[in-house]
Amino acid sequence: MSVPLTLLGLLEREPSHGYDLKREYDVYFGRGKPLPFGQVYATLSRLTRDGKAIAGEAEPGGGPDRKRYAITELGAADVETWLSEPVQPEPHLQTVLFSKVVLSLMLGRSAEQYLDLQRLAHMRRMRELTEIKRTGSLVDALLADHGLFHLEADLRWIDLTAARLNALAEMVGTQS
Amino acid sequence: MSSAELSRSPGCLIEARDVVKSFGQTPALRGASVSAAAGEIIALMGPSGSGKSTLLHCMAGIFKPDSGQVWFDGTRLDELNETKRTELRRTAFGFVFQFGQLVPELSTADNIALPLLLNRVRRKTAYQTAESWLVRLGLAELGARRTGELSGGQAQRVALARALAPRPKVIFADEPTGSLDSLASESVMDLLVSIAREEGTTVVLVTHDARVAAYADREAIVRDGKVTAPLDPVDPAGRHAGAEVVG
């Protein structure tokens, strides 16, 4: 998640105070990881310095949170570019899972047992996300879906790897 | 295991123990054991041909195991004759399959009322019950439609209503969302889980889809005709506390 570009995107919708930006960010994007105020103002300060946002006059009450920020043309162009480009797909393997499986085999440990444990942990998380989806808002459901599809992809990899353990064990010169 | 021994498992409603089943020379189950408590939703998962559907059919009394035991509510299901097993399937069990298996020439209401009529429920009561399930499952306007005219998602919801109408103790669902797209699948699972929890119905669900299995309270993995050792993710010994989700 790119915090500066996301904040810029929120500013493109309408000029806003730092506090309101943070609140909106947390509702839609923060989800369990709220954006610290310090990061909001540091980011806004950088965006202002780089000419991507402008800060209005301080309003009565003082402090950085009383400034209303607006996006500039340069900032809007950045948002436009960002939203029109696909995220780089990550072709590399699930490195932690992969490393644990290969190391287990190399060390003569049960890779199958590790994969079973990992599968349980994945399923447990999937149950939690499913419950969130069933009981939460549409935004909750969309975010939960994103997590569920990724976990499902991992599970497919886990199942396929479990089916290939003997071949993999032969390759690394030990038994599963 | 005797009935008395089984009753020591608190809340255990249905249990397969060391079930073996072959079709000709082909072994399907090689000593599979699994149990479900009253009101529990369990998912049987596993690769194609692993035996998960055969296990469900044995637990439901559709197949008779070659050996092993199937217990339901303190009764040895595998020792009952076909007539008694049929009676039990009609009164205590409900079924949902991948393709609904509704009667296409009958209306939606007829299909839901059918198991009640077979259970000798009065016609008026059966249709009133069918109507109430149609409302509960958001299908009120479809009561008169023939099921052959329904979409896949609608048909599965009708199949769900038909399974639930006799208020069974156990619902057996074999790939209930296998022919549905993601949204319809979600809707069917949401209904199944919500109603099962409200009614306290046990659900034995067969699926190869992890996202569907995630609606269950727990899952059992069937591989090569056996249920792999049940590993409880909340094992008090904390054996699995170290497993991390890195995805």
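Ordered by the number of other Cβ atoms lying within 10 Å of each residue's own Cβ, fewest first, B:Ser151, B:Ser48 fall into the sequence B:Ser48, B:Ser151.
Based on C-alpha pairs under 8 angstrom that are at least 6 apart in sequence, segment A:1-75 has a relative contact order of 37 percent. Each listed q (0.07, 0.11, 0.14 Å⁻¹) maps to a log10 I(q)/I(0) for the protein assembly as shown, found by the Debye formula over equal Cα scatterers with no solvent: -0.48, -0.94, -1.23. With a 10 Å cut-off around each Cβ of A:141-153, the average count of Cβ atoms from other chains is 2.
Averaging 1/r over every pair of different alpha carbons in segment B:79-182 and inverting the result gives a Kirkwood radius of 13.8 Å. For the protein assembly as shown, DSSP calls about 55 percent of its internal beta bridges antiparallel. Segment A:Ala70..A:Asp26, full-extension length gain: 13.9 nm, with 0.36 nm per residue of separation and the alpha-carbon distance subtracted.
The value of relative contact order for chain A, using C-alpha pairs under 8 Å at least six residues apart, is 19 percent.
Filter the cross-link list B:Lys64/B:Lys84; B:Lys21/B:Lys226; B:Lys64/B:Lys226; A:Lys133/B:Lys226 down to pairs whose alpha-carbon distance in this structure exceeds 21 Å.
On the way: B:Lys64/B:Lys84 13 Å; B:Lys21/B:Lys226 11 Å; B:Lys64/B:Lys226 17 Å; A:Lys133/B:Lys226 32 Å.
Table pairs above 21 Å Cα-Cα are A:Lys133/B:Lys226.
Dividing the convex hull volume of the alpha carbon atoms of segment B:151-217 by its residue count gives 72 Å³ per residue. Under a 5 Å amide H cut-off, with hydrogens placed 1.01 Å from N, B:Ala37 pairs with B:Leu13 among residues at least 5 apart or on other chains. Considering only C-alpha atoms, what is the centroid distance from segment B:83-108 to segment B:139-184, in Å? Segment B:83-108 and segment B:139-184 have Cα centres spaced 11 Å from each other.
Straight-line cross-link partners of A:Lys67 among the lysines, defined as a Cα under 25 Å from its Cα and at least 8 positions apart when in the same chain: A:Lys22, A:Lys33, A:Lys52.
The calculated Kirkwood hydrodynamic radius for chain A is 19.7 Å, given to one decimal from all distinct C-alpha pairs.
Convex hull volume per residue, computed on the Cα atoms of segment A:95-172, equals 71 Å³.
For chain B, the equivalent ellipsoid derived from the alpha-carbon gyration tensor has semi-axes of 30, 22, 17 Å in decreasing order. Taking amide H as placed 1.01 Å from N in the peptide plane, the amide H of B:Val206 sits under 5 Å from that of B:Leu44, B:Ala173, B:Asp174, B:Glu175, each at least 5 places away or on another chain. Note on B:207-218: average number of Cβ atoms from other chains within 10 Å of each residue's Cβ is 5.
Taking 14 Å as the cut-off, the amide N atoms of segment B:33-77 that come nearer than this to a point 7 Å along the Cα-to-beta-carbon line of B:Gln101 belong to B:53-64.
FYI, it's all coordinate maths here, none of it is from the lab. Note that the structure is a prediction, hence the values are computed from the model and not measured. Reconstructed Cβ throughout: ideal geometry from the backbone, glycine too, with neighbour counts over all protein chains shown.
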